[in-house]
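Please read the structure below before turning to the comments.
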Amino acid sequence: MEIIKRKAYAKINLGLDITGRRADGYHYINTVMQTVDLYDVITLSALEEPDVIKIECSDPAVPAGDSNLAYRAARLVMDAHETGRGVLIKIEKNIPMAAGLAGGSTDAGAVIMGMNELFGLRMSQDEMDSIAVRLGADVAFCLRTGTWLGQGIGEELTPLPDAPSAWALIVNDGFEVSTKWVYTELDAAEIIDHPDIEALCDAIEKQDLRVMSAAMGNVLETVTIDRYPQINELKRKMTETGAIGALMSGSGPTVFGIYDSKAAAEDALRQFKEEAGDIPRRCFSVQFVRNLQKGVLDD
Ligand code: ATP
């Protein structure tokens, strides 16, 4: 097969807690990650020239060279396997960047899985995981879909039952929050309020959407909301439009709300679009993606 096309799904964090800090500065986290039906499209095709990696991205703001995570993923795969060919990676970028939605990580994950197929490499899940963790803490999760508990620095993954089916409204208002800044500030801050990740997992186990939504929490909001009150404002507006829970995803600044029907989420989407004014707002109404939904595009 000469061309592979894959969906590279975004994730949201239904819960995120920090439980400690490693000697090298990485933080130990306890997080529930959920795949959502917002995706970049990754198209891979084989090139005649061995070892060459080319990136083409629909968004000029995304780095096109060797700092692109998709490029780095392809390089690691080629270092481990003699493909005898090069690869052209086309990225149709839909996921907002530096947004807490794992946009770069998911592109990298799709490249690892896509190259495995394109070149018939027969890599095991373990081998793909070990390449993934060298690229970033979220990349191993991006080799999967559904609802997962992430521990360690996020790379120790335990499958959870699929979260009860729900719609999420995802809103990104275009301003960037540096992940490094968030963690540095958090180290200096006193964390009073830790989310109850166990209660969240329990609600997922019991398939109780309302209890799940009430248990959602992200400890990183401790620092981001202080500096960016817009985040709280978005959460408040989501609740006003009928969200049964609203939270910042990852290190932000993207905020999502959980709705119990498609109609409610789409109605909220319309209101958020109408009220954007001068804000470079991007919003999406998406469904949760379940475990083992493969993300392979047929066409
Ligand atoms: P996470 O939730 O994993 O912390 P994020 O959503 O906050 O990720 P990304 O969208 O991955 O952040 O972008 C972070 C930085 O990574 C960007 O500023 C960008 O320069 C760089 N980057 C490298 N490769 C990519 C890619 N394929 N897509 C998006 N950003 C990329």
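The values are calculated or read from the model by the stated rules, or taken from the named source; none is laboratory data. Model, not experiment: these values are computed from the prediction. Virtual Cβ from ideal backbone geometry, glycine too; neighbours counted across all protein chains shown. These accessible areas exclude ligands, DNA and RNA; they are computed on the full protein's heavy atoms, side chains included. Shrake-Rupley method; radii C 1.70, N 1.55, O 1.52, S 1.80 Å.
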Check your understanding: Can ASP162 be described as buried (at least 19 other Cβ atoms within 10 Å of the Cβ), part of a loop (DSSP other than H, G, I, E, B) and of a type outside the set (Gly, Ala, Ser)?
Key -> yes
Exercise for review: Select from the range 113-139 the residues that are within 15 Å of the ligand (Cβ to nearest atom) and not in a helix (DSSP H, G or I) and list them in ascending order.
Suggested key: GLY136, ALA137, ASP138, VAL139
Revision key, fill the gap. Scanning the range 43-83 residue by residue, those within 15 Å of ALA108 (Cβ to Cβ), more than 22 Å from the chain's Cα centre (by Cα), aliphatic (A, V, I, L, M) and open to solvent by 30 Å² or more (accessible area, probe 1.4 Å) turn out to be ALA80
Check your understanding: Here are some residues: SER213, SER285, SER251. Which one is out of contact with any strand residue (DSSP E or B) (no Cβ under 7 Å at 6 or more places or on another chain), among the polar types (S, T, N, Q) and crowded, with 21+ Cβ neighbours inside 10 Å?
Key -> SER251
Revision key, fill the gap. Quick count over the range 139-162, residues being among the acidic types (Asp, Glu), within 21 Å of GLU205 (Cβ to Cβ) and in contact with a helix residue (DSSP H, G or I) (Cβ under 9 Å, 6 or more places away or on another chain), is 1
**Study point:** Test: THR184 is open to solvent by 30 Å² or more (accessible area, probe 1.4 Å), of a type in the set (Ser, Thr, Tyr) and within 12 Å of the ligand (Cβ to nearest atom)
**Key:** no
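Which residues, counting only those in the range 84-101, are within 13 Å of the ligand (Cβ to nearest atom), aliphatic (A, V, I, L, M) and open to solvent by 10 Å² or more (accessible area, probe 1.4 Å)?
MET97, ALA98 - these are the residues of the range 84-101 that are within 13 Å of the ligand (Cβ to nearest atom), aliphatic (A, V, I, L, M) and open to solvent by 10 Å² or more (accessible area, probe 1.4 Å).
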Exercise for review: Among the numbered conditions (1) closer than 30 Å to THR31 by Cα; (2) near the ligand (Cβ under 10 Å from one of its atoms); (3) among the aliphatic types (A, V, I, L, M); (4) more than 16 Å from the chain's Cα centre (by Cα), tell me where ALA110 comes up short.
Suggested key: (4)
**Study point:** Residue ID - farthest from PRO159 (Cα to Cα), chosen from residues in the range 6-60 that are of a type in the set (Lys, Arg) and modelled with pLDDT of 95 or more
**Key:** LYS54
